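This report refers to the structure that appears directly beneath it.
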Amino acid sequence: MGNINNINRRKFLEIFAGCGCGIALGGCATAPITDRKQLKLIPEVTLNKQAAQIYRNVQQKTKLSNDTKQLNEIKEIGSRIESAVSAYFDSINKPDPTYNFRWEYILIDNDKIKNAWCMPGGKIAIYTGILKVTKDKHGLAAVMGHEIAHAVAKHSVERASRSALLRTTVQITDILTGGKISQVNKVTPGIDTVGLIAQLGIMNPFTRKQESEADFLGLIFSSLSGYDIRESVKLWERMSEKNKGKEPPVFLSTHPSSKKRIENLNNWISEVIIKYPPIKT
């Protein structure tokens, strides 16, 4: 094959645009409950397998807490949310997005990290540090509901798909502009200018949407499970106080600001309590 820069660029762009549309149409989906349009190009089963392997590595290489009582509470909350999510989708005659999940829970012994996460396929980890902020089962349910919502809404699949599409787009744009993107990086050593632009222009607004969506869905799942979702506001107020002065500017953050998050929760709570009361499982 000859030098690709010698290819008629307009023709090349037309070919790529046609392929891109086909890919996008083939990978269209919607998030559960919110019906937000999503791009899904990466098979979910692929990410679930990768997540399971990473989770095993975390279990083997990370210090786990031996607080059996606390771990049992985490599992109890998780079990209630699992059942409530499945029962809800069954009640509205829609496919259960967790049908292929293999739920697991670990408690990581690290008081300095105030965090929790849920990998694709229902692999959940809670750090002991966040328990000082959650305070009780309702606060913990708010955190777990949020993290589980990321998995239920297939946010990891969505982000992986957008990342793959973004990489391809940047590479082709570099070709079409005669390598100008690569040249920018050469004159700004140590700074991935293009990556930063891509992050600010494409990835961050999208990621903040995911975080807000997880906040909303998390409220719903906690409410369906019978927890007091009004405690979620108190949780984020405590979290905001802990992080005071440490939050990055909103335009550089992948999460909504604590102020915006609390505002959203207050706006949603009354509606969620009415529309999504505890469900029989």
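Label-to-label distance for GLU271 and THR30 is 1.6 nm, based on points extended 7 Å past Cα in the beta-carbon direction. Phi angles across region 96-112 convert, under the Karplus curve 6.51 cos²θ - 1.76 cosθ + 1.60 with θ = phi - 60°, into 3J(HN,Hα) values of 6, x, 10, 4, 9, 7, 10, 5, 9, 9, 9, 10, 8, 7, 7, 6, 7 Hz, Gly and Pro given as x. For region 53-142, trypsin sites (Lys or Arg not before Pro) are listed when DSSP marks them as loop and at most 13 other Cβ atoms sit within 10 Å of their Cβ; the list is LYS63, ARG102, LYS112, LYS135.
A short reminder: the numbers here are calculations on the coordinates, not readings from a lab. This structure is a prediction, so every number in the text was calculated from the model and none was measured. Note that we place each Cβ from the backbone using ideal geometry, even for glycine, and neighbour counts take in every protein chain shown.
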